[in-house]
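Asks: Handing you this structure, nothing more for now.
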Amino acid sequence: MITRRIPRRIISTRLAAGVCGVLAALAAALAPLPAAAAEPPAHPTPKVELTLDVSGSMRARDIDGQSRMAAAKQAFNEVLDAVPKDVQLGIRTLGATYPGNDRQVGCTDTKLLYPVGPLDRTEAKTAVATLVPTGWTPIGPALQAAAKDLKGGDGQRRIVLITDGEDTCQPLDPCQVARDIAAQGIHLTVDTLGLLPDAKTRSQLSCIAEATGGTYTSVQHTDQLRKRVHQLVDRTARPVATPVATQGAAACDRAPELTPGLYSDREKFAEHRWYRVSVKPGQELRASVSVAADRAVNNDYGVLLRASTLSGREIVRGAEAGDGRTDVISTGLRYAKSASGSSGGSEDAPETVCLQVSNSFSAAPSVKTEPGLPVELAVDVVDGPHDASDAASFGLGRGWWLLGALVVTGLLGGLVWGWISRWRVTVWRTN
């Protein structure tokens, strides 16, 4: 009987191909099935227009050792890099082209620098780089034009106005322009940012924001400007819930009971207000509060958010202090209630957590104390940390499927390769 000798190279090639085929089949069998492709639900496209003051006063070099214009450009470049894909963005300027003294001409000096639409980051940055502080501060006309730029569609619309001074084109009152925009019912919000603002600028920008349900922020540093503009653009893409008006009480036993959500209230200077939240065993309470200084206040103030039991025993607290360089001060806390091991009884009952909001604001005697300072309280109750049995479950995400597939594939692959290696040795000895 004649035994045909098969070359070792051919045997090795065939074996390698066979091993690859086995491993590929194992990986395909163990990998999770892909989810059926589904069309994402259509949603209205959010639009934002950044409206930048390019008036002559933006030459002042008083923000982090550079000019206000340079700080704005730096902030814009970083914000443009982070704009969400689904946001259509535009840029409008005011006071960027006319350097003369003719008031009538200067008060029409507003230009659409980059049209509202899908963002080309390179093109937008190039346009911003060409800006040079030039002329007047026609805030009113710029707001009117920006509102027209954002017309059309049902998505969130937002104007972010950045300026270092008040409008110089009266009698067109920019605050009245903002009220007119709000009266149109087009759901357009105007947020204002003041660069090192004086009292008049602060008052005007606060009025503009308040008229449209927006926010006003005082900016002292480049990083503050970048973070706030980015936050506002991101908020347009992911709109936050509208706060529900509530009224805190002077004591916990008379306080309103809050469910997860966002709430608004007003608190007098140096006042304490109470709210209640129900937390079940195994849940975690997460709460935060922001108090806004919507009028002139003394420096050195703070806000306290304190969680306690009905009997008054403190559980946890969060506190933050300010020194007059910001218009909003915030703090928060977290409290996880341990899961009970019993099957019934009072240990399994929800716990009432008392939330106390206090502030240490003060103001000159001439400042009105009514209405109180704006308060925004966010409350959430989520599942607490998982125990060992939960962590051991197989439903913790797709990563476990991949890990399992790799482990099993490696084990079986090793066994198959070991068997093939022994078979190769046997064939070689036989031949």
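Asks: Please sort 200-206, 308-314 by packing, taking for each peptide the average over its residues of neighbouring beta carbons within 10 angstrom, highest first.
Replies: 200-206, 308-314
Asks: Projected onto the charge dipole of the stretch 47-237 (+1 at Lys/Arg Cβ, -1 at Asp/Glu Cβ, origin at the Cα centre), which of Val83, Ala182, Ile208 gives the Cα projection farthest towards the positive end?
Replies: Val83
Asks: Which ordering of Val367, Val190 is given by a fewest-first count of other beta-carbon atoms within 10 Å?
Replies: Val367, Val190
Asks: Okay, moving on. Any idea how far the Cα center of the stretch 177-223 sits from the one of the stretch 251-308, in Å?
Replies: 25 Å
Asks: Would you mind putting 124-130, 134-140, 208-214 in packing order, based on average other-beta-carbon counts within 10 Å, highest first?
Replies: Highest-to-lowest ranking by the protection proxy: 134-140, 208-214, 124-130.
Asks: Same structure again: Using mean Cβ contacts within 10 Å as the protection proxy, how do 287-298, 44-55, 152-163 order, highest first?
Replies: The packing order, highest mean first, is 44-55, 152-163, 287-298.
Asks: Additional query: Nearest-5 percent of antiparallel DSSP beta bridges in the stretch 47-237?
Replies: 20 percent
Asks: Determine which lysines satisfy two conditions relative to Lys111: a Cα distance under 24 Å, and not lying fewer than 8 residues away in the same chain.
Replies: Output for Lys111: Lys47, Lys73, Lys125, Lys148, Lys151.
Asks: Arranged by the count of other C-beta atoms within 10 angstrom, fewest first, what order do Lys337, Lys368 take?
Replies: Listed from fewest to most nearby Cβ atoms, that is Lys368, Lys337.
Asks: A further question follows. Roughly how many nanometres apart are two label points built 7 Å out from the Cα toward the Cβ at Asp62 and Asp120?
Replies: Computed distance between label sites Asp62 and Asp120 equals 3.9 nm.
Asks: Let me ask something additional. Under 5 Å between amide hydrogens, which residues at least 5 positions from Glu320 or on another chain qualify, with H placed 1.01 Å from N in the peptide plane?
Replies: Val303
Asks: So what is the relative contact order for the stretch 47-237, in percent, with contacts set as C-alpha pairs under 8 Å and at least six apart?
Replies: Taking the mean separation of contacting Cα pairs over the length of the stretch 47-237, I get 25 percent.
Asks: Going by how many other Cβ atoms sit within 10 Å of their own, how do His43, His221 line up, fewest first?
Replies: Listed from fewest to most nearby Cβ atoms, that is His43, His221.
Asks: Still on this structure: What percent do you get for the relative contact order of the stretch 41-138 when only Cα pairs under 8 Å and 6+ apart count?
Replies: It comes to 37 percent, rounded to a whole number.
Rule-based calculations on the coordinates, nothing more; no lab input. Quantities reported herein were computed from a predicted structural model and do not represent experimental measurements. Positions of Cβ are generated from backbone atoms using ideal geometry, with glycine treated the same way; all protein chains shown enter the neighbour counts.
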